[in-house]
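We did not get these values from a lab; they are worked out from the coordinates using the rules stated. The structure displayed is predicted, hence computed values, not measured ones. A quick note on method: Cβ atoms are made from the backbone with ideal geometry, for glycine too, and the neighbour counts reach across all protein chains shown.
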Amino acid sequence: MGKKDTSMKKIIIIILIFIFLFLGNCVALNYEKVLKNSSGKKAYKQGEFAEAEEIFKQNSIQYPEEGRIHFNLGNAYYKNDKFEEAIIEYKTSLKTEDVDKAQILYNIGDSYFQKQEYDKALENYRNSLLEKPDDPDAKYNYELARQYLQQQQSAQNQQQDKEQQDQQEQDQEQQQQDQQQKQEQEQEQEKQEQQQQEQEKQNQEQQEQDQSQQKPEPTDEEKKQAQRILDAMQRQEDDNQKERMKRLIQPQQTKKVEKNW
């Protein structure tokens, strides 16, 4: 029995040593986390936001499940005008239970407000008020975001109307240019057709002239024959003329003249 009691005591001692070592490591790790977070907060309060951002970033890598560290990193990003990064860290911190959700949602709303995304800012201010209805800052920023959103939408509508009007004017101007271009093309086509017709006419006249110039000169025999034909025609015409004169004169010679005694 004595040997068994001694063995049991040794086992208990070994277990206790492991427990103490484990708790010591946990205490050391927790101390390191708290120390870094404290250093980051100190730099943040002193306005050294770049240094605070670096400290909180390193701490968030080592302790990714710690919501408060992500929240602090989001605040450092916000002060360094890194609003998109801040929103990411704030939303990450919302996944844990050890944070003030109303405050985080409020900060997300502020980040979207700085990005001029007033619709999203309004949504997060509303969610913050659902968590903490009596928060005067959230109420004020909610109303401010609502007014800015209305102004933004009004400006966007005016811009859209202006762009639409400009587009209509451009379309109308383009239509006029197309119509003018079409008329110019038609006039140019008509001019080309007229030039083509004149050219064809000139070509035809030139062809006729060339043909007339190419006609062979009549021979002496052909000239004599043509002259005989002309002479025959002239004699025939003279004979016809004499015959007509004879007919006209003949009735006058045979006409009886009655005298009145």
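Computed values, structure above
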{"item": "Which of Q103, A121, Y140, positive extreme of dipole for the stretch 102-169 (C-beta unit charges)", "result": "Q103"}
{"item": "Electrostatic dipole magnitude of the stretch 57-102 [Cβ: Lys, Arg +1; Asp, Glu -1; Cα centre; debye, to 20]", "result": "80"}
{"item": "Dipole of the stretch 35-99 [Lys/Arg +1, Asp/Glu -1 at C-beta], most positive-end residue of S60, N37, F71", "result": "N37"}
{"item": "Shape box of the stretch 124-211 [Cα atoms, principal axes, largest first, Å]", "result": "113, 17, 10"}
{"item": "Normalised alpha carbon radius of gyration of the stretch 102-169 [divisor 2.2 N^0.38 Å]", "result": "1.39"}
{"item": "Ranked by how many other beta carbons lie within 10 Å on average, peptides 159-169, 143-153 from highest", "result": "143-153, 159-169"}
{"item": "Given charges at Cβ of Lys, Arg, Asp, Glu: the stretch 127-245 dipole, positive-most of L130, M233, P218", "result": "M233"}
{"item": "Of every Cα-Cα pair in the stretch 41-126, the percent that sits beyond 18 Å", "result": "39"}
{"item": "Relative contact order (percent, whole number), the stretch 35-99, Cα cutoff 8 Å, 6+ residue spacing", "result": "28"}
{"item": "Charge dipole magnitude, Cβ of K and R +1, D and E -1 - the stretch 102-169, Cα centre, debye nearest 20", "result": "180"}
